[in-house]
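The values are calculated or read from the model by the stated rules, or taken from the named source; none is laboratory data. Since the structure is predicted, the reported quantities are computational estimates derived from the model, not experimental observations. Neighbour counts are summed over all protein chains in view; Cβ atoms, including those assigned to glycine, are modelled from backbone coordinates with ideal geometry. Quick note on the areas: whole protein, heavy atoms, side chains included, nothing else; ligands and nucleic acids left out. Shrake-Rupley method; radii C 1.70, N 1.55, O 1.52, S 1.80 Å.
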Amino acid sequence: MDRFLSADVDPNLLSPLDLAFIGDCVYELFVREALVCEGNRPTGQLHQEKVRYVNANAQQAAAEVIASELTEKEAEIYRRGRNAHTNHTPKNMTVASYHAATGFEALFGYLYLNGELSRLRELFAIIYHGQSN
């Protein structure tokens, strides 16, 4: 299984918000690694670049980029996350963007906890190359 820990967990039994909790970190790690692998630069610049990808609006756009590539199960996980009831919406984004980002994060969390690192790499490549232009 391709995960940091080998703890038993069935992502099908977790709430979409739990999936989004881990998926947020997984996606950010992909972005951070991609940026660092592009070469040395000041951490302030790395942070600014990271924020271009790791925010609700960018994640909503990323979800749209990969939408046609998702399997039925992946699309279902995304919808469950997008439709999950959250207690707040940050003031600097729309409710729709926040919910879409939550769905996106839930998908990344589900795939990670399911040990589908190769699938995460595929989706991230589509996103990163599609948004970096």
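None of Leu35, Leu46, Leu14, Leu19 is touching a residue at least 24 places away in the same chain (Cβ under 8 Å), in contact with a Leu (Cβ under 9 Å, 6 or more places away or on another chain) and farther than 12 Å from Gly103 by Cα except Leu14. On the basis of being open to solvent by 90 Å² or more (accessible area, probe 1.4 Å) and under 16 Å from Leu107 (Cα atoms), does Glu38 make the cut? No; evaluated as a whole, the condition is false for this residue. Summed over region 3-24, the residues that are open to solvent by 80 Å² or more (accessible area, probe 1.4 Å) and within 19 Å of Glu74 (Cβ to Cβ) give a count of 3. Residues in region 1-34 that are of a type in the set (Phe, Trp, Tyr) and in a helix (DSSP H, G or I): Phe21, Tyr27, Phe30.
Per-residue answers, yes or no, for (1) in contact with a helix residue (DSSP H, G or I) (Cβ under 7 Å, 6 or more places away or on another chain); (2) over 19 Å from Glu28 (Cβ atoms); (3) buried (at least 16 other Cβ atoms within 10 Å of the Cβ); (4) of a type in the set (Asp, Glu):
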{"residue": "Gln59", "(1), (2), (3), (4)": "yes, no, yes, no"}
{"residue": "Ala62", "(1), (2), (3), (4)": "yes, no, yes, no"}
{"residue": "Thr71", "(1), (2), (3), (4)": "no, yes, no, no"}
{"residue": "Ile77", "(1), (2), (3), (4)": "yes, no, yes, no"}
{"residue": "His88", "(1), (2), (3), (4)": "no, yes, no, no"}
{"residue": "Ala96", "(1), (2), (3), (4)": "no, yes, no, no"}
{"residue": "Leu117", "(1), (2), (3), (4)": "no, no, no, no"}
{"residue": "Ile126", "(1), (2), (3), (4)": "yes, no, no, no"}
